[in-house]
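Participant: Here it is, the structure, as structure tokens.
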Amino acid sequence: MKKSFASAAFLMVLALITFSCDKINDLLTFEISDTQDFKIPATPLAGGLPVTLTLPVPVTNKASESFSNNNTKADLVKDVTLSKLTLTITDPDTENFDFLKSIKISIGTDQNDKVVMAQLDDVPRGVTTIELKSTNAKLDKYIKAPNYTLYTEASVRQATTREITVKEESRFKVTADPL
């Protein structure tokens, strides 16, 4: 009887600790949203072959404001991952993503320090908005940095005759330490 009571008590304490840790993490987890616009230049196809474009977009990081609004600071942030990245064509409004074969977006503090954070290998046709798949890379040091650059690599399946403006909307899941 004592053995089963001790086992039950141990399981209850273990469940309470696990539940409490999850609740604390939920309280210390929040999201940061960011929006950037970039332009894809008119792109002719060379001999009918797909062209790969690399477009760097410098970003002044505003995360410290979000940290402050969530009662934390950069040195207490312990885990940042991308939860969503959406691209929408904003100009010209008659354009869609038919020209795009695949796309990959990396983040870095410089050219030698970058990591792929999202990609889409087979871009659907006839759409003006696409959602890239997160690589679940650990992005702490980039979101804590005062500035970072988004590097867009796009493989084009057909020529574009005019410049296209794309809005990039990203959402990062941030978890901070309580101390």
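Participant: Scan the stretch 127-145 residue by residue and report those that are under 12 Å from D79 (Cβ atoms) and in a helix (DSSP H, G or I). Even if it seems obvious, please write down each step before you answer.
Facilitator: First pass over the stretch 127-145, keeping only residues under 12 Å from D79 (Cβ atoms): 136-141, 143-144.
Across the stretch 127-145, the qualifying residues are D140, K141, I143, K144.
Participant: Could I ask something else about it? Among (1) closer than 18 Å to K167 by Cβ; (2) surrounded by 15 or more Cβ atoms within 10 Å (Cβ to Cβ); (3) out of contact with any Gly (no Cβ under 7 Å at 6 or more places or on another chain), there is one condition N96 misses while meeting the rest; what is its number?
Facilitator: (3)
Participant: Go through the stretch 146-172 and count every residue that is of a type in the set (K, R) and either part of a loop (DSSP other than H, G, I, E, B) or over 26 Å from D110 (Cβ atoms) (or both). Walk me through how you get there before you give the answer.
Facilitator: Kept after step one, since they are of a type in the set (K, R), are these residues of the stretch 146-172: 157, 162, 167, 171.
After this cut, where a residue has to be either part of a loop (DSSP other than H, G, I, E, B) or over 26 Å from D110 (Cβ atoms) (or both) as well, the list is 157, 162.
Residues meeting the conditions: 2.
Participant: Additional query: Just to be sure I understand, how many residues within the stretch 62-97 are part of a loop (DSSP other than H, G, I, E, B) and under 17 Å from K138 (Cα atoms)?
Facilitator: 0
Participant: In the stretch 104-134, what residues are surrounded by fewer than 17 Cβ atoms within 10 Å (Cβ to Cβ), out of contact with any helix residue (DSSP H, G or I) (no Cβ under 9 Å at 6 or more places or on another chain) and polar (S, T, N, Q)?
Facilitator: Across the stretch 104-134, the qualifying residues are Q111, N112, Q119.
Participant: Please find, within the stretch 88-106, the residue that is farthest from the chain's Cα centre (by Cα) out of those that are of a type in the set (S, T, N, Q) and modelled with pLDDT under 95.
Facilitator: T94
Participant: Next question, about the same structure. Could you list, ordered by first residue, the pairs with Cβ atoms under 6 Å in which the first is in the stretch 150-178 and at negative phi and surrounded by 15 or more Cβ atoms within 10 Å (Cβ to Cβ) and the second is among the charged types (D, E, K, R) and not in a strand (DSSP E or B), at least 6 apart or interchain?
Facilitator: Close Cβ pairs satisfying both conditions: I164/E95.
Participant: Could you count how many residues in the stretch 112-126 are within 28 Å of K73 (Cβ to Cβ) and part of a loop (DSSP other than H, G, I, E, B)?
Facilitator: Residues flagged as within 28 Å of K73 (Cβ to Cβ) and part of a loop (DSSP other than H, G, I, E, B) within the stretch 112-126 amount to 2.
The values are calculated or read from the model by the stated rules, or taken from the named source; none is laboratory data. As the structure is a computational prediction, the values presented were derived from the model and not from experiment. Counting neighbours? That spans all protein chains shown, and the Cβs are built from the backbone with ideal geometry, glycine included.
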